[in-house]
Amino acid sequence: MLRLYYAPGTCALATHIALEEAHAPYEAVLVDFRTQSQRSPEYLAVNPKGRVPALVTDSGTLTETPALLCFVAQCFPQAEFAPLADPFALARVQEFNSYLCSTVHVAHAHRVRGTRWADGADAIEAMKQKAPSNVTECFELIEQKFLKGPWVMGEQYTICDPYLFTIGSWIEGDGVDTAKVPRVMQHRAAMLARPAVQKAVAAEGTQIA
């Protein structure tokens, strides 16, 4: 059985949703950030990065959301979460998820995790103040160029969708004017209507508008 380590309000929700969508046999294990459990020796033995998600498989442990989502898509091909037979189309899926991981999530993290990049209070505050414009720019690009509709890649639901939903659930806190991204908001509403999404969100106790 797969074991997913997660914390509420993190990008682990994307993999949690994908596992539910695939009807995969898995166990969800809470990593309590309030007690710094991600820094405990027990969890660092699972994921030395001290972050979530981590997915323990029969072959070993995987980290980083794009890798976990691709793993789920390949292990459960009947779910048709990715165009596995089309190298270019699959690369497009990976391209989008890589953008969420390397650019959009990082822009968000500058608001809430500034200590990763600086020690001085002024520098941390400057990053926090810059985050709304950076995150807005990212989501305007997604709105205008990447989100084909109704799902990210068009008519077919893919592993891009739970990832966009997860990071998109943070945009109000990041200061994004949601009126500027109506298609992103429509995508969020469509995701919230899916039973697997509802189940994963409820399991994590996450509040999403």
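Read-outs: derived from the displayed coordinates by stated rules, not from any lab. Given the structure is predicted, the values throughout are model-derived calculations rather than measurements. Glycine gets a Cβ as well: all are built from the backbone with ideal geometry, and neighbour counts include every protein chain shown.
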Can you list the HN-Hα couplings for the range 49-63, worked out from phi with the Karplus curve (6.51, -1.76, 1.60; θ = phi - 60°), rounded to whole Hz and with x for Gly and Pro? 6, x, 9, 10, x, 9, 10, 8, 10, 5, 9, x, 9, 10, 10
Among 138, 110, 94, the residue whose Cα sits farthest towards the positive end of the charge dipole of the range 69-157, when +1 is placed on the Cβ of each Lys and Arg and -1 on the Cβ of each Asp and Glu, is 110
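Would you compute, from DSSP H runs of 4+ residues alone, the mean residue ellipticity of the chain at 222 nm, taking -39500 (n - 2.57) per run and dividing by the full residue count, rounded to the nearest 500?
Using -39500 (n - 2.57) per qualifying helix, the result is -14500 deg cm²/dmol.
What ranking do 54-60, 14-20 get when scored by the average of other Cβ atoms within 10 Å per residue, highest first?
On the way: 54-60: 14.9, 14-20: 26.9.
My ranking of the peptides, most packed first, is 14-20, 54-60.
Step through the table entries 148/199; 130/180; 49/130; 128/148; 49/128, compare each Cα-Cα distance with 28 Å, and write down the pairs that go over it.
Details: 148/199 26 Å; 130/180 18 Å; 49/130 26 Å; 128/148 31 Å; 49/128 24 Å.
Going by Cα-Cα distance, 128/148 fall outside the 28 Å limit.
Excluding residue 196 itself, calculate the net charge of residues whose Cβ lies under 10 Å from the Cβ of residue 196, where each Lys or Arg counts +1 and each Asp or Glu counts -1. If you can, show how the numbers build up before the last one.
Details: positive: 194, 199; negative: 20, 21.
Around residue 196, the surrounding residues sum to 0.
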Rg (one decimal) and Dmax (whole number) from the Cα set of the range 87-194, in Å, equal 14.6, 47
Taking neighbour Cβ counts within 10 Å as the exposure measure, how do 199, 145 sort from fewest upward? 145, 199
Using modelled backbone amide H atoms (1.01 Å from N, in-plane), which distant-in-sequence or interchain residues come within less than 5 Å of residue 29's amide H? 4, 5, 6
